[in-house]
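The values are calculated or read from the model by the stated rules, or taken from the named source; none is laboratory data. What you see is a predicted model, and the numbers here were worked out from it, not measured in a lab. FYI the Cβ positions are ideal-geometry reconstructions off the backbone, even for glycines, and counts take in every protein chain you see.
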Ligand SMILES: [Fe+2]
Ligand SMILES: [Fe+2]
């Protein structure tokens, strides 16, 4: 899933850069509108990855026309809907702010979210999923460390 997520992020960035200057001033938006944009972006991002998974399934089960339909929708969810909403919200800030935001998310996933998910899965006997959560938690720790190193390098002007 990491590869798919990276593709989504890359796609969203391409969409955002093609869109040019933000058409909206995010700081002037009503807080509820900002919240709704954030919720909508979560939905679009999930739909993008879900449709890619559905497209892959359709390809493997010999239905290329269904795969094409899912691929095309997935592309719109990411590169139009998500990208335009991200633009409206002013999602991407400075590189330093973006690295700090990414660090916060990865740190939370690494030290709290996946740790708790693993504990809960263990407690109910879902051992394989518990192990999956622990493996992903470790990946998120690597992501955090890489972002942190990049932020320090940026601050040092390297
Ligand atoms: Fe959409
Ligand atoms: Fe991550």
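What to note about this one:
- Only one of the numbered conditions (1) within 21 Å of residue 95 (Cβ to Cβ); (2) within 16 Å of ligand 2 (Cβ to nearest atom); (3) surrounded by 13 or more Cβ atoms within 10 Å (Cβ to Cβ) is violated by residue 149, and that is (3).
- All told, residue 114 meets the bar of being assigned to a helix (DSSP H, G or I), in contact with a helix residue (DSSP H, G or I) (Cβ under 8 Å, 6 or more places away or on another chain) and either free of Cβ contacts under 8 Å to residues at least 24 places away in the same chain or assigned by TED's automatic domain parsing to the domain that holds residue 149 (or both).
- Here 116, 110 are screened, and the one residue that is more than 12 Å from ligand 2 (Cβ to nearest atom), over 30 Å from residue 28 (Cβ atoms) and either modelled with pLDDT of 95 or more or surrounded by fewer than 16 Cβ atoms within 10 Å (Cβ to Cβ) (or both) is 116.
- Among (1) surrounded by 17 or more Cβ atoms within 10 Å (Cβ to Cβ); (2) away from ligand 2 (no atom under 16 Å from the Cβ) - the single one residue 76 does not satisfy: (1)
- The residue of segment 24-53 that is modelled with the lowest pLDDT, among those that are more than 18 Å from the chain's Cα centre (by Cα) and either surrounded by 14 or more Cβ atoms within 10 Å (Cβ to Cβ) or part of a helix (DSSP H, G or I) (or both), is 24.
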